[in-house]
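First comes the structure, then the notes that go with it.
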């Protein structure tokens, strides 16, 4: 029996991918589980395995082409079996073209129906729309490839539940637009930039974010780092803050949390994401079990992840599962800023530059190394007092890092 080769769903933020290469040619025999083709998301390159054994037929997508998730791009047939009609691919819109899906007949859905047997597939756009309107999408009947639930299915259900009558439209005055300024060049909002834009907008619109700021004496921290470097242990300030935050999150689990549906989940494991600026955009690799790793181990792990991020080699696994995030703009001479929460996490710590400044120390004015710390948290998940206590603990360990030994 012929089987379509579908682009697999890759999470809620991935709608389109780029086909990198085929490992098999049309007419080649393939074995279920072997590498069939490679795709590239905005963050990583992934090998996709063959879903069945047979003969590869009707390849409809070529390397370099953008394709939507759940789109059929080839067919696997049994030896000697006719392939049938070629699957119709669903390529992504080209850069600069308006994003408008082809007209499709909307299925008549008046109530949720029993889901098809087996695994239920849903496109990222359909999942976001369903969760936004609290629709149990598992009960919908999909009209996409192999019964997958697509955006039109969710919208059809919403329309079926809408009120029969609607208020009459009001007259809107026509205002002549002002002359537009000359555009130097237009940059398509796509790839990593589009994903970043969507996630930042979601965070701003869906969280009750509050930012706490404090200026901290980091003189002892600077001295500790210098002593470690002289001892042959090369660590960065990010490494030290990862070490400190890992232990602070163990003491304040309400900050090591995320909101999923109607439940606040407090995670037993502490996985901290570190924001890394790359040519492809902002990537956030995750240091796993940061509360259990030593400082030297964290330093080696962050160096490896940063190198892979800048080389475009991070896997989805290396960028998923974070429970807290750290972002540092100190290298750009930024003192303080308001970081945006990395959904679905509860909080993010922003670190400014560490610089010598005049400050009152032991009753006199002295030059001390100072740093601004900015903790943004979601007030829906945690109150201000526990968040302030968490930041206070971080401040204590920055100012007196020897207390970490106790």
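Read-outs: derived from the displayed coordinates by stated rules, not from any lab. What you are looking at is a predicted structure, and each value in this text was computed from that prediction instead of being measured. Here the Cβ is made from the backbone with ideal geometry for all residues, glycine too, and neighbour counts use every protein chain on show.
Expressed as a rounded percentage, what relative contact order does region 1-69 have, with Cα pairs under 8 Å and six or more residues apart?
Once divided by the residue count of region 1-69, the mean separation gives 40 percent.
Say R0 is 45 Å: what FRET efficiency, to the nearest 0.05, do residue 34 and residue 333 get from their beta-carbon distance?
Working from the Cβ atoms, E equals 0.30.
Starting with the fewest neighbours, write out 7, 235 ranked by other beta-carbon atoms found within 10 Å of each beta-carbon.
Sorted ascending by nearby Cβ count, the order is 235, 7.
In terms of the ratio Rg/(2.2 N^0.38 Å) built on C-alpha atoms, what value belongs to region 207-405?
1.00
How far apart, in nm, are two points set 7 Å out from the Cα along the Cα-to-Cβ line at residue 406 and at residue 223?
So the two model labels end up 1.7 nm from each other.
Find how many whole Å separate the alpha carbon centroid of region 266-319 from the alpha carbon centroid of region 208-243.
Answer, in whole Å: 17.
If you build the convex hull over the alpha carbons only and average its shadow over all orientations, what do you get for region 256-364? Give it in nm² to one decimal.
The directionally averaged projection comes out at 9.6 nm².
Report the extension gain between residue 264 and residue 185 in nm, rounded to one decimal, defined as 0.36 nm multiplied by the number of residues separating them, less their alpha carbon distance.
Extra length available between residue 264 and residue 185 comes to 24.0 nm.
Calculate the translational D of region 3-77 in whole µm² s⁻¹ from Stokes-Einstein, where the hydrodynamic radius comes from the Kirkwood formula applied to all Cα pairs, the temperature is 20 °C and the viscosity 1.002 mPa s.
175
I need 323, 207 ordered by Cβ neighbour count within 10 Å, fewest first.
Ascending number of Cβ neighbours within 10 Å: 207, 323.
Working only with C-alpha atoms, what are the Rg and Dmax values of region 185-296, expressed in angstrom?
Cα only, region 185-296: 17.7, 51 Å (Rg, Dmax).
Just to verify a number: FRET efficiency for residue 231 and residue 210, C-beta to C-beta distance, R0 = 51 Å, to 0.05?
The formula returns an efficiency of 0.80 here.
How many nm is it between the label spots at residue 277 and residue 62, if each spot is 7 Å from the Cα in line with the beta carbon?
So the two model labels end up 3.9 nm from each other.
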